[in-house]
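**Student:** Before we start, here is the structure in question, set down as structure tokens.
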Amino acid sequence: MRRKKSVRKSKWLVNTVLAIICLIWTIPTLGLLVSSVRPAADILSTGWWKVIPHRGWTTAEQLQLPKDTDLREPIAIQDRTYTDDELRSGVEVDGTRLIWENRRARLLNVQEKAWTSNLEFTTQNYETVLGGKNYSITMPDGSTKTEKGSGMGRSFWNTLAVTVPATVIPIFIASFAAYAFAWLRFPGRRTMFVIVIALLVVPMQVALIPILRDYTVLGLNGTYFGIWLAHTAFGLPLITYFMYSSISQLPKDLFESAFIDGASNFTIFSRLILPLSVPALASISIFQFLWVWNDYLVSLIFLGSRPEVQVLSMNIANLVGSRGNDWHLLTAAAFISMLMPLTVFFALQKYFVRGMLGGSVKG
Amino acid sequence: MELQAKKGHTLRLLLLSLLVPALNIAIHGLFFILFRDAGLHPILNAVIAVIWGAFGIYFIYYSMNWVVEQYPDQWKRRVLPFVFIGPAVLLLGWLLVLPTLRTLYLSFFDSNSANFIGLANYAAVFTDRLLVMALRNNLLWVFFGTLACVTLGLLIAILADRSSFEKIAKGLIFMPMAISFVAAGVIWKFIYYYQPGQEQIGLLNAIVVTFGGEAQAWLSMIRPWNNLFLIAILIWMQTGFAMVIFSAAIKSIPESILEAARMDGAGEIRIFFSVIIPYISGTLLSVTTTIVVFTLKIFDVVMIMTGGQYETDVVATQFYRQLFMFQNTGYGSTLAIVLLIAVIPVIIINLRQFRREGGF
């Protein structure tokens with residue numbers, strides 16, 4: 001009886017600790033998501049958590065001072081005087097706060113503490129980031145400024161054009177190779193497979209300089225074809241290894257009966273092996289897809305800065321570099337780039353986890 | 001008569017063996033030129049790229065296989081495996097194996113690869129202030145990053161195993177794995193954001209100010225500990241990976257062993273250290289090596305967050321800067337080789353593991 005009680009108590013503790021950890025893990029993403037739909041002016045003036053109801057200053061009434069009030073002199077309001085500086089940052093008197101609403105028009109806010117939340121949302125950030133036109137936005141101090149969209153829409157399609165082939169091609173090549181390694185006999189088979197395993201963790205940095213030189217000679221820099229090949233080569237060792245462990249587990253009888261029926265290796269591969277390996281293929285495809293989609297270094301080096309082939313990760317990185325404080329743009333851009341991975345992740349979590357369990361050696 | 005027919009047959013095979021690869025090269029070459037020069041609408045461009053990429057590769061295998069199928073049986077058996085592994089071997093050779101050797105070669109030459117200078121680049125890696133700093137920071141990454149990911153991953157896996165909302169918890173912790181380091185960089189840059197004045201919109205500074213502290217520019221002050229703020233991002237992203245794998249390993253522990261330990265009066269902590277840890281030691285090793293390799297090559301986070309400024313450079317970012325900003329191929333290659341040397345123990349572990357599992 002006592003034991004049961006202590007178990008229940010420890011379960012309560014486990015749940016609480018885990019819930020706190022989960023909260024800490026989720027808050028960063030949540031902050032990004034909330035910020036991405038807030039107006040630019042709000043993001044820069046208040047923290048994103050202010051959308052949660054909290055005790056804050058709300059304007060109860062407004063005071064119109066005489067238009068000719070001299071701001072360099074102490075300003076008299078309700079029997080007391082304040083300086084302009086005080087009114088700019090807000091000054092507290094008996095539980096109320098006085099702060100300029102519009103300094104030039106001499107309009108003053110009288111604020112009180114009350115429950116409030118900044119629930120103003122907009123899709124403007126996304127429109128600006130996706131399109132390539134000019135947009136005007138309102139800044140915290142009331143001024144407007146014009147900014148050019150960053151053409152993320154284009155980058156999105158470019159990323160797709162890079163990612164899908166860079167997923168399909170290596171998986172095709174690796175599956176054929178894995179089939180040969182597992183079920184065909186040929187000289188050099190063992191040596192080659194050992195090399196594949198050794199290449200699993202080789203850092204790609206070690207290959208970049210020579211590849212870049214070859215690409216320059218062949219005119220492959222800044223082309224989709226070039227980056228497909230690079231991603232294919234960097235992904236091949238893991239995918240081959242992964243597919244090998246799946247294909248080599250298939251029962252031998254399967255092949256023998258197919259051979260007796262006169263099927264060729266190609267037929268066996270495409271009619272028998274591929275359909276039987278669908279779960280493995282799904283897992284490793286997701287893995288490779290996300291890897292290429294999220295990649296930054298390979299595209300940075302082989303696509304260069306040509307705007308017409310730029311992918312999402314580079315686009316965001318450029319934004320970070322050139323518009324580092326424009327959080328309304330950065331958050332929206334980052335969320336757009338996360339949309340695809342998160343969809344894939346939540347829709348196909350089972351396969352993703354399985355791919356990771358098998359691919360934990362990837363370098 | 002028969003001999004002549006056979007000769008004609010051989011000639012035809014030879015011709016096919018040359019023509020089909022040539023045809024493949026011609027078709028894909030055409031596509032390549034079309035893509036480079038046409039300047040299509042982005043969506044159309046993406047659609048055609050996807051179709052070309054996916055069907056092109058199938059067509060190459062299909063046509064090559066068709067040629068080999070025409071061969072006499074004995075030749076077919078000999079040649080076919082090479083059609084199957086050919087593309088993989090060619091690509092790996094051209095884009096991974098040879099480049100590694102060429103990089104090794106370049107690392108013995110000076111900045112523009114003109115003069116042989118022996119081991120001078122390697123000496124520089126361990127004396128040049130910038131490069132030594134990159135090495136030091138990489139050690140910080142490897143040590144703190146791996147330690148935190150593995151410990152937290154294990155802790156969360158065990159907590160989740162005993163909690164009442166395991167699935168949701170694992171999904172939430174695991175989610176950052178799916179997003180890119182670039183996006184994660186934006187997320188965390190926002191958290192660390194510092195602006196002069198009272199109102200802080202960066203979460204970390206807001207918390208610090210609430211508790212009466214002073215807002216800081218976390219990424220550029222308090223060196224070298226600003227590296228830890230970057231490492232936190234890695235921990236946020238990779239703990240999920242460690243957790244999922246540990247979770248699978250923990251679930252594979254037979255209930256009877258745990259039950260037996262409990263019968264003997266072992267407490268939960270004792271069970272953890274004397275039953276669970278030894279049981280999953282293999283997994284522990286492989287997760288640790290994976291994260292070590294990952295942190296050794298860390299690039300994106302540092303590049304996005306600081307660009308390697310404020311003494312946060314790591315080997316991979318220094319590699320990039322040496323190569324593209326200082327045009328120093330010698331240093332660049334040497335740094336790449338240093339990374340390679342660092343992962344050699346892992347390669348050996350992998351090969352041993354493979355042999356132990358039966359190899360071929």
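Taken together, the values in this text are just the output of simple stated rules run on the coordinates, not laboratory data. Small disclaimer: the values here were computed from a predicted structure and weren't measured. No Cβ is skipped: glycine too gets one built from the backbone with ideal geometry, and neighbour counts run over all protein chains shown.
**Student:** Tell me the angle of helix A:312-322 to the major Cα principal axis of chain A, expressed in degrees between 0 and 90 and rounded to the nearest ten.
**Tutor:** Relative to chain A, helix A:312-322 is tipped by roughly 40 degrees.
**Student:** Restricting attention to segment B:190-273, which trypsin sites (Lys or Arg not before Pro) occupy a DSSP loop and are surrounded by at most 11 other Cβ atoms within 10 Å?
**Tutor:** none
**Student:** Let me ask something additional. Of B:Ala26, B:Ala266, B:Ala242, which has the largest mean-square fluctuation in a 10 Å C-alpha GNM of chain B?
**Tutor:** Maximum fluctuation in the GNM of chain B, among the listed residues, is at B:Ala26.
**Student:** Moving on. Among residues other than A:Ser313 whose Cβ falls under 9 Å from its Cβ, what is the net charge (Lys/Arg +1, Asp/Glu -1)?
**Tutor:** Taking every Cβ under 9 Å from that of A:Ser313, the sum is -2.
**Student:** Can you give me the C-alpha center-to-center distance between segment A:70-120 and segment A:187-265, rounded to a whole angstrom?
**Tutor:** With segment A:70-120 and segment A:187-265 each reduced to a Cα centre, they are spaced 69 Å.
**Student:** Kindly provide the helix-only [θ] at 222 nm of chain B, computed as the sum of -39,500 (n - 2.57) over DSSP H runs of four or more divided by all residues, to the nearest 500 deg cm²/dmol?
**Tutor:** On the way: 17 runs with 256 residues, N = 360.
Result for chain B, helices only: -23500 deg cm²/dmol.
**Student:** Right, here's the next one. Under 21 Å between C-alpha atoms is the cut-off here; go through chain A and count lysine pairs that meet it, provided they're at least eight residues apart or on different chains. Intermediate results must be reported in sequence, preceding the final value.
**Tutor:** Numbers: A:Lys50/A:Lys113; A:Lys133/A:Lys145; A:Lys133/A:Lys148; A:Lys350/A:Lys362.
Taking the Cα cut-off of 21 Å, the pair count is 4.
**Student:** Collect residues whose amide H, placed 1.01 Å from N in the peptide plane, falls under 5 Å from the amide H of A:Ala60; neighbours closer than 5 in sequence don't count.
**Tutor:** Amide H to amide H, under 5 Å and 5 or more residues apart or across chains, A:Ala60 pairs with A:Val110, A:Gln111, A:Glu112.
**Student:** Among A:Gln205, B:Gly171, B:Leu258, pick out the residue whose Cα is farthest towards the positive end of the charge dipole of the protein assembly as shown, where Lys and Arg carry +1 and Asp and Glu carry -1 on C-beta, about the Cα centre.
**Tutor:** B:Leu258
**Student:** Here is a further query. So how tilted is helix B:226-251 from the main axis of chain B? Cα-based, degrees 0 to 90, rounded to 10.
**Tutor:** It is inclined by approximately 70 degrees.
**Student:** Next question, about the same structure. Given 20 Å bins starting at zero, what is the percent of C-alpha pairs of chain B in each, up to the one with the largest pair distance?
**Tutor:** Bins of 20 Å from zero give 19, 41, 32, 7, 1, 0 percent of pairs.
**Student:** Using unit Cβ charges (K, R positive; D, E negative) and no other charged atoms, how large, in debye to the nearest 20, is the dipole of chain B about its Cα centre?
**Tutor:** That gives chain B a dipole magnitude of about 920 debye.
**Student:** Top mean-square fluctuation among A:Ala198, A:Ala178, A:Ala76, Gaussian network model of chain A, C-alpha springs under 10 Å?
**Tutor:** Comparing A:Ala198, A:Ala178, A:Ala76 in a Gaussian network model of chain A, the most mobile one is A:Ala76.
**Student:** Nearest 10 degrees, 0 to 90: what angle lies between the long axis of helix A:152-183 and the longest principal axis of chain A (Cα atoms)?
**Tutor:** Helix A:152-183 and the main axis of chain A meet at about 30 degrees.
**Student:** What is the sum of charges around B:Ile344, taking Lys and Arg as +1, Asp and Glu as -1, for the other residues whose C-beta is under 15 Å from the C-beta of B:Ile344?
**Tutor:** +2
**Student:** Once the dipole of segment A:53-116 is set up with Lys and Arg at +1 and Asp and Glu at -1 on Cβ about the Cα centre, which of A:Leu98, A:Pro53, A:Gln111 lies farthest towards its positive end?
**Tutor:** A:Pro53
**Student:** So, one more: Choose one answer from B:Ile233, B:Ile341, B:Ile60: the residue with the largest mean-square fluctuation in a GNM of chain B with alpha-carbon springs under 10 Å.
**Tutor:** Between B:Ile233, B:Ile341, B:Ile60, it is B:Ile60 that shows the largest mean-square fluctuation.
**Student:** I've got another one for you. With +1 on each Lys and Arg Cβ and -1 on each Asp and Glu Cβ, how big is the dipole of the protein assembly as shown about its Cα centre, in debye rounded to the nearest 20?
**Tutor:** Approximately 2180 debye in magnitude.
**Student:** Projecting each Cα onto the charge dipole of the protein assembly as shown (Lys/Arg +1, Asp/Glu -1 at the beta carbon, about the Cα centre), which of A:Thr159, B:Leu340, A:Ile260 comes out farthest on the positive side?
**Tutor:** With unit charges placed on the Cβ atoms, the residue in question is A:Ile260.
**Student:** Percent of Cα-Cα pairs per 10 Å bin, from 0 to the last occupied bin, for segment B:2-106, please list those.
**Tutor:** With 10 Å bins starting at 0, P(r) equals 12, 30, 28, 21, 7, 1.
**Student:** Calculate how large, on average over all directions, the projected area of the Cα convex hull of segment A:152-357 is; give the answer in nm² to one decimal. All intermediate terms of the calculation are to be shown ahead of the outcome.
**Tutor:** Details: hull surface 54.5 nm².
Result: 13.6 nm².
**Student:** Divide by every residue of chain A the summed helix terms, -39500 (n - 2.57) for each DSSP H run of at least 4, and state the resulting mean residue ellipticity at 222 nm, rounded to the nearest 500 deg cm²/dmol. Show your work: numbers first, answer last.
**Tutor:** Numbers: 14 runs with 209 residues, N = 363.
Taken over chain A, the calculation gives -19000 deg cm²/dmol.
**Student:** Where does segment A:6-46 land on Rg/Rh, using Cα atoms and the Kirkwood Rh?
**Tutor:** Looking at segment A:6-46, the ratio lands at 1.34.
**Student:** Could you give the C-alpha radius of gyration of the protein assembly as shown expressed as a fraction of 2.2 N^0.38 Å, taking N as the number of residues it contains?
**Tutor:** Normalised Cα radius of gyration, the protein assembly as shown: 1.12.
**Student:** Test of understanding: express the Cα radius of gyration of segment B:54-114 as a ratio to 2.2 N^0.38 Å, with N the residue count. Walk me through the numbers before you get to the answer.
**Tutor:** Details: Rg = 18.0 Å, N = 61, 2.2 N^0.38 = 10.5 Å.
Relative to the 2.2 N^0.38 Å estimate, segment B:54-114 comes out at 1.71.
**Student:** Find out how many positive minus negative residues lie around B:Ser256, taking Lys and Arg as positive, Asp and Glu as negative, among other residues whose Cβ is under 15 Å from that of B:Ser256.
**Tutor:** Values: positive: B:Lys251, B:Arg262; negative: B:Glu255, B:Glu259, B:Asp264.
It works out to a net charge of -1.
**Student:** Could you list the residues of segment B:78-108 with an amide nitrogen less than 11 Å from a label point located 7 Å from the Cα of A:Ser245 in the Cα-to-C-beta direction?
**Tutor:** What the label zone holds, given the 11 Å backbone N cut-off, is no residue at all.
**Student:** Taking amide hydrogens as modeled 1.01 Å from N in the peptide plane, which residues meet the under 5 Å criterion relative to A:Thr83, leaving out close sequence neighbours?
**Tutor:** A:Ile75
**Student:** List the chymotrypsin sites (Phe, Trp or Tyr not before Pro) in segment B:206-282 that DSSP assigns to loop (not H, G, I, E or B) and whose Cβ has at most 12 other Cβ atoms within 10 Å. Which are they?
**Tutor:** Here the sparse-neighbourhood loop sites are B:Phe211, B:Trp225.
**Student:** Count neighbours as other Cβ atoms within 10 Å of each site's Cβ, and list the GluC sites (Glu not before Pro) in segment B:207-279 that are DSSP loop with at most 13 such neighbours. Provide the component values of the computation, followed by the final result.
**Tutor:** Details: sites: B:Glu214, B:Glu255, B:Glu259, B:Glu268; in loops: B:Glu214.
Taking segment B:207-279 and a limit of 13 other Cβ atoms within 10 Å, the loop GluC sites (Glu not before Pro) found are B:Glu214.
**Student:** Okay, moving on. Taking a temperature of 37 °C and a viscosity of 0.692 mPa s, what whole-number D in µm²/s does Stokes-Einstein yield for chain A with Rh from Kirkwood over alpha carbon pairs?
**Tutor:** 127
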